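*Asks:* Submitted below is the structure of interest, expressed as structure tokens.
The values are calculated or read from the model by the stated rules, or taken from the named source; none is laboratory data. The shown structure was predicted, so the numbers you read here are calculated from the model rather than taken from an experiment. Here Cβ is always computed from backbone atoms with ideal geometry, including for glycine, and neighbour counts include all displayed protein chains.
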């Protein structure tokens with residue numbers, strides 16, 4: 001009796017193990033958009049290309065109704081339904097690399113403008129798409145919040161108040177020059193010890 005119960009439970013455990021492995025293999029798909037650029041190449045490209053478009057330029061594009069530009073709203077569908085840029089296509093962030101969009105993005109004659117709620121929302125997807133080899137993407141400066149809440153204001157990127165690299169280099173140079181100018185401390189004099197005589 002005990003032997004049959006043991007066999008029964010081993011069979012169930014084996015079946016569950018095989019089922020989990022099978023489901024894992026069945027649901028895993030090859031990457032839909034393989035990366036064509038390394039991270040270093042993408043970062044180098046970041047410094048060379050104009051990757052953003054201002055809210056004023058976006059308004060001009062919308063007024064001209066140019067077919068050369070398409071707005072991609074990366075927010076969730078609920079936010080998109082509430083309000084969005086006219087003519088924008090909603091592709092939630094988690095679906096951006098889906099195979100059905102890979103064919104859409106291959107149209108090199110169209111420039112796609114990514115936007116989310118704030119300026120940083122589209123930066124990660126932009127970098128990923130650049131690594132995948134898509135050069136026809138830009139991000140909306142200031143995001144949707146600036147575009148809708150401050151229509152006449154220009155996006156002003158923050159500039160650091162200090163050049164920290166120069167500050168650190170100058171402090172390091174001061175420390176090195178002080179270390180060279182100061183002679184090393186003299187070794188403490190050794191104490192002489194005299195052996196005690198036993199009584």
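*Asks:* Scan segment 103-135 for residues that are farther than 21 Å from residue 80 by Cβ and surrounded by fewer than 17 Cβ atoms within 10 Å (Cβ to Cβ) and jot them down. Full working, then the answer.
*Replies:* Our first condition is that a residue be farther than 21 Å from residue 80 by Cβ; within segment 103-135, this holds for 103, 106-109, 127, 130-135.
103, 106, 107, 108, 109, 133, 135 - these are the residues of segment 103-135 that are farther than 21 Å from residue 80 by Cβ and surrounded by fewer than 17 Cβ atoms within 10 Å (Cβ to Cβ).
*Asks:* Given (1) farther than 13 Å from residue 137 by Cα; (2) in contact with a strand residue (DSSP E or B) (Cβ under 7 Å, 6 or more places away or on another chain), identify the lone condition not met by residue 114.
*Replies:* It is condition (1) that residue 114 fails.
*Asks:* Examine segment 20-41 for a residue that is loosely packed, with under 10 Cβ neighbours inside 10 Å and modelled with pLDDT of 70 or more, and state whether such a residue exists.
*Replies:* yes
*Asks:* While we're on this one: Name every residue in segment 42-52 that is surrounded by fewer than 15 Cβ atoms within 10 Å (Cβ to Cβ), touching a residue at least 24 places away in the same chain (Cβ under 8 Å) and assigned to a helix (DSSP H, G or I), in order of residue number.
*Replies:* 46
The rows are residues; the columns are (1) farther than 30 Å from residue 84 by Cα; (2) at pLDDT 75 or above; (3) surrounded by 13 or more Cβ atoms within 10 Å (Cβ to Cβ); (4) within 29 Å of the chain's Cα centre (by Cα).
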| position | (1), (2), (3), (4) |
| --- | --- |
| 143 | no, yes, yes, yes |
| 150 | no, no, no, yes |
| 159 | no, no, no, yes |
| 166 | yes, yes, no, yes |
| 186 | yes, no, no, no |
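*Asks:* Now for a separate question. Collect the residues in segment 122-140 that are modelled with pLDDT under 85, part of a helix (DSSP H, G or I) and closer than 16 Å to residue 89 by Cβ, keeping them in residue-number order.
*Replies:* Narrowing segment 122-140 to residues modelled with pLDDT under 85: 123-124, 127-135.
From what's left, part of a helix (DSSP H, G or I): 123-124, 127-131.
Hit for segment 122-140 is 129, nothing else.
*Asks:* Also, I was wondering about something else. Tell me which residues, restricted to segment 53-91, are in a strand (DSSP E or B), touching a residue at least 40 places away in the same chain (Cβ under 8 Å) and within 23 Å of the chain's Cα centre (by Cα). Explain how you work it out, then say what you get.
*Replies:* Step one: filter segment 53-91 for residues in a strand (DSSP E or B), giving 53, 69-73, 89-90.
Remaining after also requiring touching a residue at least 40 places away in the same chain (Cβ under 8 Å): 53, 69-73.
Answer for segment 53-91, where residues must be in a strand (DSSP E or B), touching a residue at least 40 places away in the same chain (Cβ under 8 Å) and within 23 Å of the chain's Cα centre (by Cα): 53, 70, 71, 72, 73.
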